[in-house]
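Everything on this sheet refers to the single structure shown next.
The values are calculated or read from the model by the stated rules, or taken from the named source; none is laboratory data. This structure is a prediction, so every number in the text was calculated from the model and none was measured. No Cβ is skipped: glycine too gets one built from the backbone with ideal geometry, and neighbour counts run over all protein chains shown. With ligands, DNA and RNA removed, areas are computed over all heavy atoms of the protein, side chains included. Shrake-Rupley method; radii C 1.70, N 1.55, O 1.52, S 1.80 Å.
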Amino acid sequence: MNWFLIGFSGSGKTTLGKRLAESIGYDFWDLDALIEEREKQTITEIFEQKGEPYFRNCETFYLKHLPISKNRVVATGGGTPCFNKNIDWMKLYGKLIYIKADEAILFDRLTIIKNNRPLLNHFNSEELKAYISIVLKQREPCYEQADFLIESNKDEDTSLKELLSFVK
Ligand code: S3P
């Protein structure tokens, strides 16, 4: 069984995914971390040196070639479900959970971590706010195709409890 966590950058997919996997005894994979390990480059370097289309192909390839395991929790990248029909593939091979966070919370979190996000690192505050608002609206119809949704605006323990209620 695969549980795929989807949602915008900064929504908490990796943090919650790790805790979920630990709680249910599944293997945990972070798709971005897997790409970095296999490609021997950071996501930022891949974007800068090879461009977004190359990254999107990598994302699809490593999604479809996840390390063999019986049971996995997979934290995907913010764009993963929205490119190359990856969402259809994930739906075939598992269940999807949309980790949803408000724009204001995404803004606060991404202001802190944006330097490691190649799509965001060149934005000032105003631009970041506008990007979140525009791209979230574009991607939400895709994210909303998930089987389950949790709001990650609450504290982490509450979000984990909600996740466990779907998974168990
Ligand atoms: C991206 C989100 C990132 C990473 C890449 C592209 C996106 O993942 O995959 O920088 O398109 O929104 P996170 O959701 O972990 O930030």
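For the chain, the mean residue ellipticity at 222 nm estimated from helices alone is -17000 deg cm²/dmol, where every DSSP H run of n ≥ 4 contributes -39500 (n - 2.57) and the total is divided by all residues, rounded to the nearest 500.
At a Cα cut-off below 18 Å, give the aspartates and glutamates reachable from LYS40, other chains included and same-chain residues fewer than 8 away excluded. Correct list for LYS40: ASP30, ASP32, GLU48, GLU52, GLU59.
Using 0.36 nm per residue and subtracting the Cα-Cα separation, the extra length available between THR15 and GLU144 on full extension is 44.4 nm. Charged neighbours of CYS58, selected by a Cβ distance under 13 Å, balance to -2 (K, R count +1; D, E count -1). FRET efficiency for the pair ILE24 and GLU45, taken as 1/(1 + (r/R0)^6) with r the Cβ-Cβ distance and R0 = 35 Å, rounds to 0.55.
Residues in the range 2-167 average 50 Å² of solvent-accessible surface per residue, probe 1.4 Å, ligands and nucleic acids excluded.
Working from Cα pairs under 8 Å separated by at least six residues, relative contact order for the chain is 34 percent. The simple Förster model, with R0 at 25 Å and r as the Cβ-Cβ distance, assigns ALA130 and ARG38 a FRET efficiency of 0.15. Length available on full extension from LEU92 to THR158: 0.36 nm per residue minus the Cα-Cα distance, which gives 20.9 nm. Positive contributions from Lys and Arg (+1) and negative ones from Asp and Glu (-1), summed over other residues with Cβ under 14 Å from the Cβ of ILE46, come out at -3. Panel note: the C-alpha atoms of the range 2-167, placed on their principal axes, show extents of 39, 34, 25 Å (largest first).
Could you please state how large a percent of the accessible area of the range 2-167 is carbon and sulfur, counting protein chains only and using a 1.4 Å probe?
Working: 4260 of 8320 Å².
Accessible surface attributable to carbon and sulfur in the range 2-167 totals 51 percent.
Over all other residues within a Cβ to Cβ distance under 12 Å of GLY77, the charged ones net out to -1, with Lys and Arg as +1 and Asp and Glu as -1.
Projected onto its three principal axes, the C-alpha set of the range 54-104 covers 37, 28, 17 Å, listed from the longest axis down.
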